[in-house]
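The values are calculated or read from the model by the stated rules, or taken from the named source; none is laboratory data. Given the structure is predicted, the values throughout are model-derived calculations rather than measurements. Every residue, glycine among them, receives a Cβ derived from its backbone with ideal geometry; neighbour counts consider all protein chains shown. Accessible surface areas use protein heavy atoms only, side chains included; no ligands, DNA or RNA. Shrake-Rupley method; radii C 1.70, N 1.55, O 1.52, S 1.80 Å.
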Amino acid sequence: MLIIGSHVGYKKDSGLVGSVKEALSYGANTFMFYTGAPQNTKRLPIDLANVQEADKLMRENNIQKENVIVHAPYIINLATDDEEKRSFATSFLQEEIKRVETLGFTYLVLHPGSHVGCGPDKGIENIANSLNKVLETDEKVVILLETMAGKGTEVGRTFEEIASIIEKVNQKEKIGVCLDTCHINDAGYDLNDFDKVLDNFDEVIGLDKLKCLHINDSKNERSAHKDRHENIGLGHIGFEALLKVIYNNRLDNIPKILETPYVDKIYPPYKYEIEMIRNKKFNTNLLEEIRKN
Ligand code: FE
Ligand code: FE
Ligand code: ZN
């Protein structure tokens with residue numbers, strides 16, 4: 001079955017109920033959200049009554065909770081050699097894991113981090129050490145390391161780097177991978193030959209570790225190391241190549257999440273992109289239709 005959704009908001013007043021309603025308005029059967037602003041670590045206590053109401057809404061609309069993805073704030077940097085920063089990031093991640101568990105979800109997507117000068121090998125070691133700390137506890141949450149574009153000193157820009165992190169993690173059942181199509185394109189993988197990319201993923205990491213896909217087109221050419229998402233079919237990856245990822249039979253039942261940009265920074269594109277994906281047909285009036293609504 002196609003499990004598709006997008007990044008949605010999580011607001012102070014409407015909480016998780018608001019997130020579910022937003023996902024439903026896009027015709028999605030899953031979604032991804034941040035438990036607060038993606039760029040900071042300010043977090044509010046969780047309103048359990050709101051979560052119960054959201055659970056009911058998800059049940060009524062056939063959204064399986066295990067398909068819903070939480071994304072950790074992207075300023076968490078476990079790779080840095082700066083002790084103070086890393087220890088802050090590690091304890092914040094610990095708190096975030098607890099929040100995901102309280103909300104009743106399984107998967108937390110995490111950017112591995114940036115080594116900011118100490119080198120990828122030391123970065124990988126730092127990440128693994130922090131992960132070993134936070135995964136020691138009783139929570140069942142699974143951390144999904146996201147494949148990165150290789151912007152700046154980002155770690156996780158090859159499947160090999162992701163595999164070396166996983167190798168050093170003790171509790172391997174609590175670690176998986178989220179593959180982002182824009183990021184791997186920018187990192188240098190050829191999405192025109194996606195089956196080969198998957199073979200490579202399987203060889204280096206193991207396909208059983210793949211638990212989530214981020215479906216984004218890219219504003220940049222392959223190997224650009226930029227990380228700028230584009231709307232589906234309007235970038236350098238293109239509609240046909242993305243469809244082959246989305247409908248690849250080896251990736252059946254893995255949640256696929258759109259993180260494409262709002263059109264003109266104000267109009268969410270997801271309803272139209274999801275529709276296009278379900279129809280398997282590129283909508284040449286995509287931007288106009290999004291703007292009209
Ligand atoms: Fe991400
Ligand atoms: Fe992503
Ligand atoms: Zn990105």
Theoretical FRET efficiency, 1/(1+(r/R0)^6), r = Cβ-Cβ of residue 284 and residue 64, R0 51 Å, to 0.05: 0.95
Taking all pairs of distinct alpha-carbon atoms in segment 120-265, Kirkwood radius in angstrom: 15.6
Shape of segment 81-202, Cα gyration tensor, a/c cut at 1.5: oblate
Hits among lysines - C-alpha to C-alpha of residue 265 under 16 Å, sequence gap 8 or more where chains match: 219, 292
Where 25, 130, 114 fall by accessible area, highest first, once all protein chains stay in place (1.4 Å): 25, 114, 130
Global geometry of segment 23-65, whether rounded, prolate or oblate, following the gyration tensor of its Cα atoms and the 1.5 cut on a/c: oblate
Residue 243 accessible area, 1.4 Å probe, all protein chains in place, Å² to nearest 10: 20
Proximal lysines relative to residue 281, as straight alpha-carbon distance under 16 Å, when same-chain residues fewer than 8 apart are discounted: 244, 271
Separation between Cα centres of segment 71-88 and segment 36-68, rounded to whole Å: 25
With every protein chain in place, segment 22-164: carbon and sulfur % of accessible area (1.4 Å): 49
Intensity falloff of segment 22-124 expressed as log10 I(q)/I(0), Debye formula with alpha-carbon point scatterers, at q = 0.22 Å⁻¹: -1.15
Cleavage-rule hits, trypsin sites (Lys or Arg not before Pro), segment 137-200, DSSP coil, Cβ neighbours within 10 Å at most 15: 140
Within segment 132-161, GluC sites (Glu not before Pro) in DSSP loop having at most 14 other beta-carbon neighbours inside 10 Å: 136
Prolate/oblate/rounded label for the chain (Cα gyration tensor, a/c 1.5): oblate
Cys residues of the chain counted as unpaired, since no other Cys beta-carbon is under 4.7 Å: 118, 182
Residues of the chain: accessible area per residue with a 1.4 Å probe, Å²: 45
Projected label distance in nm at residue 262 and residue 12, using a 7 Å step from Cα toward the beta-carbon: 1.7
